[in-house]
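I have placed the structure first, in the form of C-alpha cells, so that the comments after it can refer back to it.
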2 protein chains.
Amino acid sequence: MSLPKRIWINEVSPRDGLQVWKEFVETKQKIKWIESLAAAGLSAIEATSFVNPKKIPQLADADTVMINLQALKLHLSALVPNQKGFERAIAGNCRAISIFTSPSNTFCQKNIGCNSADSLVRYASIIQQAKQKKLFVRGYLSCAWGCPFEGLIKTDDVVKIAFKLSELGCDEISLGDTTGQATPSSTQKLLMQIFKKLSSEQVALHFHDQYGRGLLNAYAAMQCGAWRFDSAVAGLGGCPTVPDAAGNVSTEDLVGLADEIGITTGINLAKLAKAGQEICDILGTNNQSRTGQTVLKLN
Amino acid sequence: MSLPKRIWINEVSPRDGLQVWKEFVETKQKIKWIESLAAAGLSAIEATSFVNPKKIPQLADADTVMINLQALKLHLSALVPNQKGFERAIAGNCRAISIFTSPSNTFCQKNIGCNSADSLVRYASIIQQAKQKKLFVRGYLSCAWGCPFEGLIKTDDVVKIAFKLSELGCDEISLGDTTGQATPSSTQKLLMQIFKKLSSEQVALHFHDQYGRGLLNAYAAMQCGAWRFDSAVAGLGGCPTVPDAAGNVSTEDLVGLADEIGITTGINLAKLAKAGQEICDILGTNNQSRTGQTVLKLN
C-alpha cells in the first residue's frame, strides 16, 4: 500500500469533453485548447476522436486538429472506433490510437454498433495494423464497474476482456468507471485481479465523478500501485449514450493532490488551472474543478 | 485499517452554510430547511449560531429558530462564541452547544476577538456552566491542518488543544480542515496522535472541500476508526473570515459513499438529495453535491 513516486496523466478533455458538447467548437480554438494544456506540462493528451461525423459532428474536424498538432512533442492520441476511423487516424499522422469496448453488450451496441465479443474481432484487425505501423495502442474498457443499462458488471468479465485486449496487442488498458460507481474497495479488488497478469505500466484508470468519488478512487488505485490516470481539466467529460453522465475527475484536483503529497506529475498547477478556465470560457460553462477554482482565486 | 459499520453525521448547513450567506433567509424557511433534513433521517443538526447579530445578521434569529425546533427529537446544537451567546442558547432551551477555537492565534483573533490561550480561559467557564446544566458540549478546533493567515499548523499544537478542550469537559472535539488542505496521510497522522488519549466517540471530522479532497479525507479518517463526521447538504458552508473558503464536504456524497460500501447512516439518500435541492432553491444557488445532482436526475 505504498504510493507511487510519480503519476502519468492523460488529459482527455479535448475528446471526452467535446464529444458531449452540443455546439461545435471552432477548430482553431480546439488547437489552442490543446496547446495551452501542453504548455502547462501535460505530456499526454487525447486530442480527438475519428468517429463518424454524422454521429458526433462536434469532432468532425478531427483530421484537421490532428494534423495541426504535429509540432507538439507529446503523447498525442485519438479515439478510433472502427476501420474507417483508423484510416483517418493514419492519414492524420496519428502515432497513438485508442480503441473502445466494454463488457456490457448493450453499452457496446449503443456506442459502436456491435456486441462485446464482435468488438474484439473488429479490433483484432485494427490493433494488428496499428502494431505493424508501430503505433501505441490503448484499449478502453468502459463500464468496468457498472453499466447504466445492464447494472453491475462482474469483475471476472472485466478482467477477461482486459487480458484479451492485452493479448491482441494493446499497449495499455484504460479501465473506465463510466457510471462513477466505483469505490476504493471495488477499485482495489479489480486492480488486484488485473495486476496478476498486467504490469502497472499497462494499466490506466479513467474515473468519472458522478458521485464525487473520482479522486477517492484514484487514490485507492495509487495505493495498489497504479500510476497512470485519465482526467479532464475543469471536470469536463461525459458519455454520448448516457445523457446524465458526469465529467471526469478533474486534472486540477488530481495534480493538486499529487503536489500536496509529494507525487511528481511534471505539470504546473497554476498554468493548468488557467488553461482549464480558458477552456470553460470558450465553452461558456462553469469550471467544475474545486482545485482549479481555488488556485485561480489564490493566484 | 477496517472501516466502521456505521457513521454519525452532523449536518452543519443551517449554521456553516448560512453564516456566510449574504442575504437574510426568512426564519420560517430556516425552520422548514431543518425539518426537511430531519425528515431525511439526519439525527444531528447544527441549527444556528448565537453569535453577535451585528457581526452575522444572517443568524440574528437564532433564538426564534431554536425555540421553534424543540419538537424535533434529534441532537440539535448551536454555536456559542461567548458568555452572551451561551445565555441566549440557554434561554432557547438548547441542549447541545458548540464552542470554537483554533491553534492559530490570528484565526482566533479574527473570529472571536482573542488569542488561542485566552479562548480556552473564556471557554473553561462556559463549559463548566454547560456541564452543570447537563448540556452536550462540542469543541470546534478550526484550522487543524493549516490556517489561511498563519500557514501550516503543527500537529502537536492541534493535539494539545484537543486534549485541553477534552480536559475542560468537552464531550466531543471536531477537528476542522478550514483550508481544505488535509490529505489522507496528514489526516491519519493527526488522528493517530488524537486517538492516543481520546476515543472515537469523542472525535468528529469537519472537512471543507476547497480542493475536492473532503470525501477522500473522510474515508482516510474512517480507516483510522473515526465515525463522526460533519457535512453540509449541497456542499454548502464556508468561513466568515475567509472570503474564498469552499463549502463542507457534501452530506449527499458522504451518505452515497456509505450506502455503496455498506456503512449505515440512518439517512435516506433520495429524501436528503431532495432536501438539499430545496435548500439550494431557497438560496438561489447551485447544488454543489455531485451525488445530490445525480440522485435527483435518476429519481
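The values are calculated or read from the model by the stated rules, or taken from the named source; none is laboratory data. This is a predicted model, so every value here is computed, not measured. Backbone-built Cβ (ideal geometry, glycine too); neighbour counts: all protein chains shown.
Of the residues A:Thr264, A:Thr251, which is of a type outside the set (Gly, Ala, Ser), closer than 27 Å to A:Val51 by Cβ and in contact (Cβ under 8 Å) with a residue 60 or more places away in the chain? Walk me through how you get there before you give the answer.
Details: A:Thr264 fails: closer than 27 Å to A:Val51 by Cβ.
After applying the criteria, what remains is A:Thr251.
Could you list, in sequence order, all residues of segment B:70-81 that are at pLDDT 95 or above and either acidic (Asp, Glu) or crowded, with 18+ Cβ neighbours inside 10 Å (or both)? Of everything in segment B:70-81, those that are at pLDDT 95 or above and either acidic (Asp, Glu) or crowded, with 18+ Cβ neighbours inside 10 Å (or both) turn out to be B:Leu76, B:Ser77, B:Ala78, B:Leu79, B:Val80. Quick one: in segment B:255-266, of everything that is under 24 Å from A:Asp244 (Cα atoms) and more than 9 Å from every other protein chain (Cβ to nearest Cβ), which residue is surrounded by the most Cβ atoms within 10 Å (Cβ to Cβ)? For segment B:255-266, the residue satisfying everything is B:Val255.
Only residues that are of a type outside the set (Asp, Glu) and closer than 25 Å to A:Thr241 by Cα were counted across segment A:167-203, and they come to 15.
When only residues in segment A:1-22 that are closer than 17 Å to A:Gly247 by Cβ, part of a loop (DSSP other than H, G, I, E, B) and not aromatic (Phe, Trp, Tyr) count, which is modelled with the highest pLDDT?
Step one: of segment A:1-22, the residues closer than 17 Å to A:Gly247 by Cβ are A:9-22.
Subset that is part of a loop (DSSP other than H, G, I, E, B): A:12, A:21-22.
This time we only want the ones that are not aromatic (Phe, Trp, Tyr), so: A:12, A:22.
Numbers: A:Val12: 97, A:Lys22: 88.
The selected residue is A:Val12.
When each of A:Thr101, A:Thr106 is tested for being under 19 Å from the mean Cα position of the chain (by Cα) and of a type in the set (Val, Ile, Thr), the lone residue that passes is A:Thr101.
For segment B:270-282, check the following and say yes or no: at least one residue is in a helix (DSSP H, G or I), without any contact (Cβ under 8 Å) to a residue 12 or more places away in the chain and within 13 Å of chain A (Cβ to nearest Cβ). If you could, list the steps in order and put the result at the bottom.
Restricting attention to segment B:270-282, the residues satisfying the condition of being in a helix (DSSP H, G or I) are B:270-282.
Next, from what is left, pick out any that are without any contact (Cβ under 8 Å) to a residue 12 or more places away in the chain: B:281.
Those still in the list that are within 13 Å of chain A (Cβ to nearest Cβ) too: none.
Looking for residues that are in a helix (DSSP H, G or I), without any contact (Cβ under 8 Å) to a residue 12 or more places away in the chain and within 13 Å of chain A (Cβ to nearest Cβ), one finds none in segment B:270-282, hence no.
Can you confirm whether A:Thr106 is modelled with pLDDT of 95 or more, of a type in the set (Ser, Thr, Tyr) and in contact with an Asp or Glu (Cβ under 7 Å, 6 or more places away or on another chain)? So A:Thr106 fits the description; yes. Residue under question is A:Leu135, and the condition is that it be modelled with pLDDT under 95, of a type outside the set (Ser, Thr, Tyr) and out of contact with any Gly (no Cβ under 9 Å at 6 or more places or on another chain); does it hold? The answer is no for A:Leu135. Residue-level check: of (1) hydrophobic (A, V, I, L, M, F, W, C); (2) within 20 Å of A:Arg88 (Cα to Cα); (3) surrounded by 24 or more Cβ atoms within 10 Å (Cβ to Cβ), A:Ile9 misses just (2). Taken together, B:Pro184, B:Pro148 contain a single residue that is within 29 Å of A:Val233 (Cβ to Cβ), over 17 Å from the mean Cα position of the chain (by Cα) and in contact (Cβ under 8 Å) with a residue 60 or more places away in the chain, which is B:Pro148. Scanning segment B:192-215 for residues that are within 14 Å of chain A (Cβ to nearest Cβ) and more than 18 Å from B:Thr265 (Cα to Cα), we see that the one that is nearest to the chain's Cα centre (by Cα) is B:His208. Just for segment B:71-101: of the residues that are in contact (Cβ under 8 Å) with a residue 60 or more places away in the chain and in contact with a helix residue (DSSP H, G or I) (Cβ under 8 Å, 6 or more places away or on another chain), which one is farthest from B:Asp118 (Cα to Cα)? Checked segment B:71-101; the qualifying residue farthest from B:Asp118 (Cα to Cα) is B:Ala78. Say whether the condition of being more than 24 Å from B:Ser174 (Cβ to Cβ), assigned to a helix (DSSP H, G or I) and at pLDDT 95 or above is met by at least one residue in segment B:47-64. The answer is yes; a qualifying residue exists. Exactly one residue among B:Ala226, B:Ala245, B:Ala234, B:Ala221 is more than 9 Å from every other protein chain (Cβ to nearest Cβ) and farther than 22 Å from B:Val158 by Cβ, and that residue is B:Ala234.
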